[in-house]
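Student: Structure provided below as structure tokens; questions to follow.
Rule-based calculations on the coordinates, nothing more; no lab input. These figures come from a predicted structure and were not determined experimentally. Cβ placement follows ideal geometry from the backbone for every residue including glycine, while neighbour counts extend to all protein chains displayed.
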Ligand code: 5HY
């Protein structure tokens, strides 16, 4: 199966690392294709970045539909454009936040989230409410590191994330932690080793859930709100999106 991984930001280094993490855990026969939008923010750290990156996600889905992708993953913890992406395909589309929440709720009664910047915490909070996991999550904590520090200052960023996970382990009364950034895709095992409780990482969780859905022969329902968008013309620099 062709599993199309979309990094919604335009940091090529992060796209490569996310793709490698997904390939390491993918089953034999799952081919990971990792892409990023041609246009958009190099990192996503707020509502504005999210809004712009969501359009880029939908354009990558359109390319994947032309190339015959069997499933998609949006690898940003805000799940930008996830519902819009689902309207554009019959294939399953997994957001890494939603995938992480589902997996964490299967292995623990309560979890915390450790993300990058506290200003994006509200986005995770809105997703917990939207997906029905608010009661499962004890706390959203931030390591207070810019997203691209995971690229540029990897060791220092990792130390901050581990410290924040240890505080969550000791203070939140939880059984697991969900990592709150696609840029942490290759850090799960190292963090779990250092913290000693189950660490759930969204990209790798989404790979396994995508394989399960394709294995079940299930895809995005076209009955109801996720039906294909109604044909209409788009104007200006969105004219290419006309259907
Ligand atoms: C992400 N930003 O997963 C989010 C993380 C965050 O560029 N990739 C990004 O901090 O919200």
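Student: Only residues that are assigned to a loop (DSSP other than H, G, I, E, B), under 18 Å from residue 89 (Cα atoms) and touching a residue at least 12 places away in the same chain (Cβ under 8 Å): list them for the range 190-224, please.
Tutor: 218, 219, 220, 222
Student: Go through (1) assigned to a helix (DSSP H, G or I); (2) crowded, with 22+ Cβ neighbours inside 10 Å; (3) away from the ligand (no atom under 16 Å from the Cβ) one by one and return the number of the condition residue 100 breaks.
Tutor: (3)
Student: Quick one: residue 210 ticks every box in (1) crowded, with 23+ Cβ neighbours inside 10 Å; (2) more than 11 Å from residue 114 (Cβ to Cβ); (3) within 16 Å of the ligand (Cβ to nearest atom) bar one, so which box is it?
Tutor: (3)
Student: Just the residues that are part of a helix (DSSP H, G or I) and surrounded by fewer than 18 Cβ atoms within 10 Å (Cβ to Cβ), please, taken from the range 1-24. Walk me through how you get there before you give the answer.
Tutor: Step one: filter the range 1-24 for residues part of a helix (DSSP H, G or I), giving 12-24.
Correct list: 12, 13, 16, 20, 23, 24.
Student: Between 23, 11, which is farther than 20 Å from residue 126 by Cα, over 12 Å from the mean Cα position of the chain (by Cα) and away from the ligand (no atom under 16 Å from the Cβ)?
Tutor: Every option except 23 fails the conditions.
Student: Could you list, in sequence order, all residues of the range 103-122 that are more than 15 Å from the ligand (Cβ to nearest atom) and buried (at least 24 other Cβ atoms within 10 Å of the Cβ)?
Tutor: Taking the range 103-122 first, the residues more than 15 Å from the ligand (Cβ to nearest atom) are 103-112.
Listed by number, the residues that qualify are 104, 111, 112.
Student: Follow-up. Could you give me the residue pairs with C-beta distances under 7 Å whose first residue belongs to the range 106-124 and is under 16 Å from residue 205 (Cα atoms), whose second residue is part of a helix (DSSP H, G or I) and within 10 Å of the ligand (Cβ to nearest atom) wherever it lies, and which are 6+ apart or on separate chains?
Tutor: Note: pairs meeting the criteria are 113/124.
Student: Please find, within the range 29-48, the residue that is farthest from residue 121 (Cα to Cα) out of those that are away from the ligand (no atom under 15 Å from the Cβ) and part of a strand (DSSP E or B).
Tutor: Per the criteria, the residue is 31.
Student: Residue 72 fails exactly one of the following numbered conditions: (1) in a loop (DSSP other than H, G, I, E, B); (2) more than 14 Å from the ligand (Cβ to nearest atom). What is the number of that condition?
Tutor: (1)
Student: Residue 125 versus (1) over 17 Å from residue 184 (Cα atoms); (2) more than 16 Å from the ligand (Cβ to nearest atom): which is the lone unmet condition?
Tutor: Going through the list (1) over 17 Å from residue 184 (Cα atoms); (2) more than 16 Å from the ligand (Cβ to nearest atom), residue 125 breaks only (2).
Student: Of all residues in the range 132-187, how many are away from the ligand (no atom under 16 Å from the Cβ) and in a loop (DSSP other than H, G, I, E, B)?
Tutor: 9
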